[in-house]
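**Q** Let me give you the structure first, and then I'll get to my questions.
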Amino acid sequence: MAKLDVAPTPVRRRPAEVRRLLLAAAERVAVRKGMSASAQEIAAEAGVHRSVLYRHFTSAEELVQMAMLRPFDEFLERIQLMTARSEEAEPTPLWDLMVGFLGDLLDILFDHRDFLSMALSESSPLGDADRTELQHRLGGVLDDIGELAVRAGVTRGLDLQNARINTRLAIAMASGVATYERWLLPDPHWPEQRETLIEQMASVLLYGVRAVPDAQKRPDRLSPKR
């Protein structure tokens, strides 16, 4: 008796997983095609039907915009977890917070480098309205990160008056490293030099370019007093 071919059972994914697939697909397609990426192309890249895309997003344009914010939203979530953990028991030293901040940020920026370079550049294919909306929403995320820096800096001797703009400058520095490291850094072997590079960036941000004695740096390696 001949065996009947049984169609495979469709894989049922959770809504959050489907959104992640669509956001990642939108990023890849947008790198290739810019804002001309269509809903059909993004859905095909994600391996889902176009109707599934419209259950989660109103349009391909909205999906691409959400994909542009995703790296910064992800970074905000990591920083929220880091700062929450840093106050649970023994507060995390300032140096460790800065190194963790830069490490997480650089990892995310490198993961999304091609997409962010396309989306956030002056030659971005975004229209004026989309660019204005993206700047507004990204500004809100950066403000939230700045507020976390202010709260973490209260017991750690940070310049609270300028903590928000200094946080944005730190993010700008890391973005430049992620985007242009092949051109500007003396050693292109990023993975092997990751720890050294992050520590040097942290040192520049905390102490500037002057030689600072270890004795002056020591308090930043200690847990701050509550």
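**Q** Can you work out which of the residues in the stretch 22-52 that are among the polar types (S, T, N, Q) and in a helix (DSSP H, G or I) is nearest to Ser123 (Cα to Cα)?
**A** Of everything passing the filter in the stretch 22-52, Ser36 is nearest to Ser123 (Cα to Cα).
**Q** Another question, if that's okay. If you take the residues of the stretch 29-43 that are at negative phi and surrounded by fewer than 15 Cβ atoms within 10 Å (Cβ to Cβ), which of them is farthest from the chain's Cα centre (by Cα)?
**A** Gln40
**Q** Does any residue in the stretch 11-31 that is closer than 17 Å to Phe72 by Cβ come within less than 7 Å, Cβ to Cβ, of a residue that is outside any helix (DSSP H, G or I) and at pLDDT below 95 six or more places away or on a different chain, and which pairs are these?
**A** Every condition considered, the pairs that remain are Ala26/Ala37; Glu27/His112; Ala30/Ala37.
**Q** For residues in the stretch 103-132 being over 16 Å from the mean Cα position of the chain (by Cα) and surrounded by 14 or more Cβ atoms within 10 Å (Cβ to Cβ), which is nearest to Ser59 (Cα to Cα)?
**A** Asp130
The values are calculated or read from the model by the stated rules, or taken from the named source; none is laboratory data. From a predicted model like this one, the values you see are computed outputs, not experimental measurements. Please note: Cβ atoms are built from the backbone with ideal geometry, for glycine as well, and neighbour counts cover all protein chains shown.
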